[in-house]
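Heads up: the structure comes next, in structure tokens.
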Amino acid sequence: MIPRRRIPLEAADLRDWLRAPFVADAEARRQIGAFEAAFAAMVGVRHARAVASGRDALGLILDGLDLTPGDALVVPAYTLGELLPLLQRRGLRLVPADVDPATMNVTPASVRACLDARTRAILAVHLLGAPCDAPALAALAAEAGAVLIEDCAHAPGARIGGRAVGSFGVAALFSLEASKAVAAFGGGVLATDDERLADYVATRLAARARREWPAMKKTLMRWMEELLVRSPLYGPLARVLFSDRVAAAFERAYRGGNDRARPAAVGFSALQARMATRRLARLEARNARCNALWSDTAARLPARFRPQHRDAIGAPAFYNLVARFDGDLRQLRRAALARGLDLGIFGEVMDDTAAMLGAASCPGAARAHAEAVLLPLYDGLDERRRLRMLRILGELAAGPA
Ligand SMILES: *Cc1c(COP(=O)(O)O)cnc(C)c1O
């Protein structure tokens, strides 16, 4: 079975995990501070603060900007649906901006159509590593008396005109989840040049206690999961878990379990700082290597798979290879699974937030949502498996699905 994702397993992480309970407080603070400084330098902003998750960073940004109930926030119509409750809890009026189904990103025109007198902020995501037009969106926000917040969860290291994403808006959020580029098995980063926001965030974070155990526990859970995925048990198990009958329930249980393992407001740990620092140092090399792999793979896909356009605005970071398939996705996935290729369940790409919000339909997002499929391509995918994946996709595209 070729799994759809891979979580990094590294001896250095294990070493840090074993040492984590014994790190003195001053040393932990130094390591966390060093990570934050390195991250700020990568983004090119003055302040980067390590927090509990990408969601936590977004919550802190919204609180720090003093958004109040009734304020309007423009959100991408195609992004992670799990962000919505966080925004709705604050009483914000969410206005979904449609995406271009080719790039899967919002455009200045689609965002402009969403602005009104109560628009206070625009949340824009650089989806799947592809930069959206952040400079134009920042200008649009300024014109409307609003601010731009960049969701860089998929895109650390992506650049527009040589400048890193995350430096164009008032603030940006990054995720350090196991599935993201700078994996610390959880955690996030808030990046900003805004002194007032930085002060506000510093005050909130000062009230949090650093604890190592939540991060240690979560890391351990993810390692177990990954060992299972790499074992011979995974093939038969995946066929059961991802079958049509079980998939939806499994997906719900899995997401629920992940949510419970998500520490809401626990201080960032030294263990996370060390794991993230190591991956941050390799980020540029990883993006270069994986982007080349992405381009080569995308160019070899059968014509029925249309890969995301990633370089319309700037230089992408590597996240995932997502293509739109013209055909029945359920059938495609079932046939792929039977051939030993895990193309996922259905919830793993992004969500149609316009539909989730019950807003007027956004046709670009609806189309992306209906057609997108995640193809297994990740750091560490060996060449033999990559070619086998392409061969299977070729067979599937030739079939009736
Ligand atoms: C992963 C992700 C986030 C937030 O990440 P967490 O660290 O899981 O809270 C935000 N936006 C998008 C688009 C994401 O994929």
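Note on region 158-183: among residues that are touching a strand residue (DSSP E or B) at 6+ places or on another chain (Cβ under 7 Å) and open to solvent by 10 Å² or more (accessible area, probe 1.4 Å), the one that is farthest from Leu197 (Cα to Cα) is Arg159.
The residues listed here are Arg239, Arg252; of these, the one that is basic (Lys, Arg), open to solvent by 40 Å² or more (accessible area, probe 1.4 Å), closer than 14 Å to Leu337 by Cα and in a helix (DSSP H, G or I) is Arg239. All of Arg367, Arg304, Arg333 fail the test of being under 16 Å from Met104 (Cβ atoms), more than 19 Å from the chain's Cα centre (by Cα), open to solvent by 20 Å² or more (accessible area, probe 1.4 Å) and touching a residue at least 40 places away in the same chain (Cβ under 8 Å), apart from Arg367. Checked against the criteria, Cys152 counts as touching a strand residue (DSSP E or B) at 6+ places or on another chain (Cβ under 8 Å), open to solvent by less than 10 Å² (accessible area, probe 1.4 Å) and either among the hydrophobic types (A, V, I, L, M, F, W, C) or more than 15 Å from the ligand (Cβ to nearest atom) (or both).
For region 68-94, a tally of residues being more than 10 Å from the ligand (Cβ to nearest atom), in contact with a helix residue (DSSP H, G or I) (Cβ under 9 Å, 6 or more places away or on another chain) and closer than 19 Å to Cys114 by Cα returns 9.
The values are calculated or read from the model by the stated rules, or taken from the named source; none is laboratory data. The structure presented is a predicted model; accordingly, all values stated were derived computationally and were not measured. Because the Cβ atoms are built from the backbone with ideal geometry, glycine has one as well, and the counts that use them run over all protein chains shown. What goes into the accessible areas is simple: the full protein's heavy atoms, side chains included, and nothing from ligands, DNA or RNA. Shrake-Rupley method; radii C 1.70, N 1.55, O 1.52, S 1.80 Å.
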